[in-house]
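Single-structure report; data block below.
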Amino acid sequence: MNRREFVTLLGGAAAAWPLAAGAQQLRRVGVLIPSHSQTDREGQTSITAFLDTFQKLGWTDGRNVRIEYRWGAGDAERTKAAANELVHSAADVIVVASTPALAELHRLTSTIPLVFVQVGDPVDTGFVASLARPGGNITGFQSFEPAMGGKWLGVLKEAAPNLTRAAVRFGSDSGPTIAFLHAAEVVAPSLGVAVTAIDVLDGSGMERSVAAFAVKPDSGLVVLPHRYTVANRGSIIILAARHRLPAI
């Protein structure tokens, strides 16, 4: 099934939902947000935009559709449990953000339609056959191409011309962040920057690793998109400012 057929099928089903909802139970939409907690303002902003668009299309939560949210708060085990709950809740479709969360849903179901956002490389990761013809039960929107890793490092060098070394926070459990890291490493020599990869899962702690790296002058920080870095973005910004590290 290609993307157009998928969207047409989903749209046709949606058109019939109001008729079905009158005599049967409401259609169910699951939403999995792994990087934010329920009280996170950025997460709530995304939900507001999602609901606003849904309402413009004629759908209101509690009236003709039931939307169930699950929040991972940057915790891998909590996200896995949330994915399992949504799959077993008999959702008609699940909207999901991030590569690890989509991977877990992909493992759990091959029948429930999955619509993804904020996924770095859905083709190489094996979620879809191609962007034009995704096939299977998965479709969605790619966020960044791997080459962005090098571009982020380049922007940091423009902001801090004396930069000679950069710590890159990545996640070893996330294929896209590894690809971003590799892209940064390829570009680094042309920028005169030495890249140090720091895994968010290494257990050393953000504060300790940032403090240790900031000891030498002309250092900077590249923070790649990952459920951990998104969930802890506030503390990361404070740490970078405290240690006077240019960061992106």
- Task: Being assigned to a strand (DSSP E or B) and among the aromatic types (Phe, Trp, Tyr) is the filter; apply it to the range 103-151 and report the residue that is nearest to GLU185 (Cα to Cα).
- Result: PHE141
- So which pairs qualify, if the first residue must be in the range 97-118 and assigned by TED's automatic domain parsing to the domain that holds VAL29 and free of Cβ contacts under 8 Å to residues at least 24 places away in the same chain, the second must be surrounded by fewer than 19 Cβ atoms within 10 Å (Cβ to Cβ) and part of a strand (DSSP E or B), the Cβ gap must be under 6 Å, and the two must be at least 6 apart or on different chains? none
- Item | Qualifying position, being in contact with a helix residue (DSSP H, G or I) (Cβ under 8 Å, 6 or more places away or on another chain), at negative phi, surrounded by 22 or more Cβ atoms within 10 Å (Cβ to Cβ) and modelled with pLDDT of 90 or more, among ALA197, ALA166, ALA183 | ALA166
- Enumerated helices (runs of 4 or more DSSP H) restricted to the range 165-248, each holding at least 1 residues that are within 24 Å of GLY72 (Cβ to Cβ) and acidic (Asp, Glu): 206-213
- Query: Which of the residues that make up the range 86-111 are surrounded by fewer than 19 Cβ atoms within 10 Å (Cβ to Cβ) and aliphatic (A, V, I, L, M)?
  - Reply: ALA90, VAL93, LEU108
- Message: Against the conditions (1) over 23 Å from VAL200 (Cβ atoms); (2) among the charged types (D, E, K, R); (3) at pLDDT below 90, where does GLU85 fall short? Just the number, please.
- Response: (3)
- Query: Among the residues of the range 35-54, is there at least one that is surrounded by 22 or more Cβ atoms within 10 Å (Cβ to Cβ) and either farther than 23 Å from PRO176 by Cα or in contact with a helix residue (DSSP H, G or I) (Cβ under 7 Å, 6 or more places away or on another chain) (or both)?
  - Reply: yes
- Message: Restricting to the range 62-76, give me the number of residues that are of a type outside the set (Phe, Trp, Tyr), part of a strand (DSSP E or B) and within 24 Å of the chain's Cα centre (by Cα).
- Response: 4
- Task: Look at the range 203-242 and say how many of its residues are in contact (Cβ under 8 Å) with a residue 60 or more places away in the chain and exposed (fewer than 13 other Cβ atoms within 10 Å of the Cβ).
- Result: 0
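The values are calculated or read from the model by the stated rules, or taken from the named source; none is laboratory data. Remember, predicted model here, so these are calculated numbers, not experimental data. Glycine gets a Cβ as well: all are built from the backbone with ideal geometry, and neighbour counts include every protein chain shown.
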